[in-house]
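What follows is calculated from the coordinates using simple rules that are stated; it is not laboratory data. Source: prediction; values computed, not measured. Cβ atoms come from the backbone with ideal geometry, glycine included; neighbour counts cover every protein chain shown.
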Amino acid sequence: MLLSSLDLKAKYDSDEDDILRCFIIPLLGVAARYDRAVGYFSSEVLSAAAEGLEKFISSGAKMRLIIGDPLSDCEYEAVMNGIKNPIHYKSEELANILLCSQDRNLKLLTYLVANAQLEIKFAFTHNGMFHKKIGIFYSDEETIVFSGSANETLRGLSKYNSEEIVVFFSWDKDSFTKYAQVEIDNFNALWDDNKKRNKVFELDSYFYEKVKDNVNLELLRNEIFSDGLNLNISKEEDSIPFFNYSFAQSNQELLNVDFDTRLPSKPLTVKGHPFELFPHQVEAIKSWKNSDYKGLFKLATGSGKTFTSISAIVELYEERKKVGLGTFVIVSVPYIELANQWVKELSPFNIYPIKCYENASNWTSVLDQKILRYRCGDIKFVCVVVVNKTMSEIHFQSRINKINNSDILFIGDECHHLGSQGYFESLPDAKYRIGLSATPFRSENDEIEGSPFPDTVKMNLLSYFKGVVSEYSLSDAIKDGILAPYRYELVPVYLNDDEQERYEDYSTKIQKLILKAQSSGLNTEEKQSLTKWCGFRSRLLATCEGKLPALINYLKDNPQLTLTHSLIYVGEGKAIDEEQAYISKVTNSLHEFGCKVAKFTSQETSHERKKIMESFKDETIESLVAMKVLDEGIDVPVCKSAFILASTRNPRQYVQRRGRVLRKSKGKSEALIVDFIVLPMAGSRSNFSQNLRKAELERINDFKLTALNSKEVEEIAIKLGVY
């Protein structure tokens with residue numbers, strides 16, 4: 001089909017035209033090649049242009065893309081995945097991707113690169129940022145060239161921004177020769193790295209790695225253009241000498257080349273769906289603003305705490321921008337996995353944070369530069385993602401202390417960690433504060449019945465965040481269809497003679513110490529003893545002998561049940577009188593039973609955990625066996641079932657674990673939670689045995705309340721003598 005057969009105009013204005021739908025998509029459907037050079041590219045365009053892109057791919061057409069702004073981390077990973085795994089995909093694979101709603105843009109990006117239908121290069125300029133916007137469509141006989149203000153982003157090509165492009169057709173020879181041929185020549189020279197003022201290189205190159213990691217860009221320019229000083233660039237080409245400027249000038253030059261042109265904004269789409277906050281998220285932000293921009297968001301796991309707080313970032317930034325003020329955001333999280341997840345979630349909002357975790361040498365100089373430029377007024381927005389441990393350390397604190405507190409928005413994810421004295425004392429005196437947690441405070445019966453110690457964590461959190469400003473329960477989220485419904489099954493595990501004796505002994509020691517604490521107080525040694533005996537008792541309940549056989553028997557009795565996308569939570573440490581870690585014992589036994597499982601703990605490196613999670617998602621591994629690392633914040637929506645072998649008295653933990661499997665995903669109509677409850681030895685009626693039944697009943701009642709089979713659970717609990 002000829003390009004000239006399409007009904008195209010010589011000019012498109014986004015105030016009147018949808019450039020993507022009226023121009024780009026029709027041309028993708030008939031072109032044999034597409035060349036594009038832009039400042040900004042977003043893979044969202046691929047998903048939005050799927051109608052034309054499907055024909056483009058099926059015909060074997062190819063695209064060459066030059067960008068001037070680095071890809072987001074997830075886009076870069078998608079490209080690297082395609083480069084490292086080149087393959088000729090089958091048409092049915094493309095069809096599956098196009099049908100997919102989640103991460104379709106990233107999957108299309110990988111597909112195109114792996115199938116050798118998309119090449120991407122990065123243009124780095126000796127001064128400022130590469131910001132040209134050229135597009136060229138080729139068929140066998142005809143060519144169309146366009147240029148204008150539109151980037152290759154959803155905002156640039158839709159009616160979101162005010163953009164325009166001018167189009168030249170090869171069949172209009174006069175205008176094409178006069179205006180378009182030079183753009184074709186320029187693109188080809190750029191692609192071949194034959195332009196004096198630009199260096200164009202592959203995304204898997206050393207130089208792109210440096211740009212992506214936001215190193216000292218002045219030094220990088222010197223390195224890239226070290227030969228450029230001798231290129232005899234004419235004054236017409238460059239009236240400003242290379243790097244012959246003062247420190248203040250060099251800072252101004254850096255302004256033009258890194259991420260700072262990416263300013264916070266709410267996305268049009270997220271994961272293939274139009275972006276829109278749920279009513280409870282809108283209300284949370286409103287309540288936060290009405291509470292002097294401070295407060296705790298007590299939102300159920302999976303109900304959108306992260307997107308709520310990122311939307312609050314954007315709204316605060318926009319409000320302060322109107323009056324000429326900058327915004328400095330610090331997001332503090334407990335784990336590196338959660339930090340990486342935040343970086344990914346921030347990307348659709350045009351926020352690319354400094355990653356202040358792992359090796360300090362990777363981020364300290366970048367943070368120093370950003371702080372300097374922020375204080376000088378060169379930039380108006382900075383975002384930092386940091387792990388709690390680093391946040392509390394002097395090398396981070398000393399830098400953040402240079403920022404005016406009235407500019408800082410501090411977000412504490414899983415903020416219950418921040419109430420401990422070590423972290424609490426390190427929290428910045430930020431004017432704007434958000435705490436995120438489904439369960440910010442412990443319950444009255446948390447681990448130690450009738451604990452005589454004040455809940456300093458709760459007091460600290462309330463004093464810093466100034467109270468809970470928004471609550472949205474798990475039952476609300478299920479009722480509103482935000483989380484998946486679930487079935488809840490009970491599997492009883494009884495203590496044996498030896499375990500019952502130990503349980504009574506530990507409980508007696510704990511009770512004596514609690515009574516003494518309430519009457520005369522405990523010395524340091526006695527407090528340590530109380531902690532020790534509580535730990536022994538918790539480990540006994542978490543690793544008691546009957547749990548593993550009960551799990552295997554459950555799997556045997558339910559042969560129709562698949563372990564695919566299931567989580568198995570086990571106790572920490574070793575079972576009593578055993579040398580092997582309990583998690584290894586469970587994992588090995590499941591392997592012997594024929595299950596494809598893998599441990600997922602803090603002992604594995606970040607890289608190993610990433611590979612394990614990828615294998616879990618693509619079903620190479622059926623189940624993950626974990627202790628605590630999956631408890632908080634890690635987004636695993638594909639999970640369909642959870643087997644809880646670790647009988648905890650901590651509501652925070654079991655609420656978080658339940659939330660892990662209730663996130664909605666394609667093909668999940670409901671989830672399954674199997675709870676292995678620990679009961680006293682048959683016939684035992686001691687006060688401590690009764691306390692154990694009460695503790696298990698508390699969790700059962702909590703799970704039963706929102707379960708699909710609530711009545712059935714109650715009947716089973718009665719039969720087991722728990723009620």
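So the values come out like this:
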{"item": "Residue exposure sequence - Trp342, Trp191 - by fewest surrounding Cβ within 10 Å", "result": "Trp191, Trp342"}
{"item": "Degrees between helix 104-114 axis and first principal axis of the chain (Cα, 0 to 90, nearest 10)", "result": "60"}
{"item": "Gyration tensor (alpha-carbon) shape descriptor, region 269-479, a/c threshold 1.5", "result": "oblate"}
{"item": "Extension gain (nm, one decimal) between Tyr723 and Ala10, 0.36 nm per residue minus Cα-Cα", "result": "248.9 nm"}
{"item": "Mean Cα-pair separation over length for the chain, i.e. relative contact order, pairs under 8 Å, 6 or more apart, %", "result": "11"}
{"item": "Rounded FRET efficiency, nearest 0.05, which uses the C-beta distance separating Met1 from Ser710 and R0 of 56 Å", "result": "0.40"}
{"item": "Least to most buried among Val638, Val597, Val333 (fewest other Cβ within 10 Å first)", "result": "Val638, Val597, Val333"}
{"item": "Backbone HN-Hα couplings from phi across region 499-515 [Karplus 6.51/-1.76/1.60, Hz, Gly and Pro as x]", "result": "5, 5, 5, 5, 4, 5, 5, 4, 5, 4, 4, 4, 4, 4, 5, 5, 4"}
{"item": "Proximal lysines to Lys668, defined as alpha-carbon separation beneath 22 angstrom and excluding residues fewer than eight positions away on the same chain", "result": "Lys107, Lys271, Lys305, Lys479, Lys596, Lys617, Lys640, Lys704"}
{"item": "Amide H contacts under 5 Å for Ile66, placed H, 5+ residues apart", "result": "Arg36, Ala37, Val38, Lys121"}
{"item": "Within straight-line cross-link reach of Lys199, lysines at Cα separation under 26 Å, skipping those fewer than 8 residues along the same chain", "result": "Lys62, Lys84, Lys121, Lys132, Lys133, Lys210, Lys212, Lys235, Lys370"}
{"item": "Ranking of Cys376, Cys415 by count of other Cβ atoms within 10 Å, fewest first", "result": "Cys376, Cys415"}
{"item": "Spacing of the two label points (7 Å from each Cα toward its C-beta) at Ser519 and Ile83, in nm", "result": "7.2"}
{"item": "Cα-based reach from Lys286 at 13 Å (exclusive), listing aspartates and glutamates while leaving out same-chain residues under 8 positions away", "result": "Glu315, Glu471"}
{"item": "For the chain, the longest site-free run once trypsin sites (Lys or Arg not before Pro) in DSSP loop states with at most 12 other Cβ atoms within 10 Å are removed", "result": "403-665"}
{"item": "Unit charges on C-beta of K, R, D, E only; dipole of region 269-479, Debye", "result": "840"}
{"item": "Fraction of the pair-distance distribution of the chain above 48 Å, Cα-Cα pairs, percent", "result": "27"}
{"item": "DSSP-defined antiparallel bridges as percent of all bridges, the chain, nearest 5", "result": "30"}
{"item": "Near-label residues of region 107-127 by backbone N, under 17 Å of a point 7 Å along Cα→Cβ of Lys196", "result": "125-127"}
{"item": "Where GluC sites (Glu not before Pro) fall in DSSP loop in region 125-172, at most 15 other Cβ within 10 Å", "result": "Glu141"}
{"item": "Cβ-defined net charge surrounding Tyr464, 9 Å radius [Lys, Arg +1; Asp, Glu -1]", "result": "+3"}
{"item": "Residue-by-residue Karplus 3J(HN,Hα) for region 180-187, coefficients 6.51, -1.76, 1.60, Hz, glycine and proline x", "result": "9, 4, 5, 5, 5, 4, 4, 4"}
{"item": "Relative contact order (%) - criterion: Cα under 8 Å, at least six apart; region: region 269-479", "result": "32"}
{"item": "Relative contact order (%) - criterion: Cα under 8 Å, at least six apart; region: region 486-719", "result": "29"}
{"item": "Global form of region 267-349, assessed from the alpha-carbon gyration tensor, a/c cut-off 1.5", "result": "rounded"}
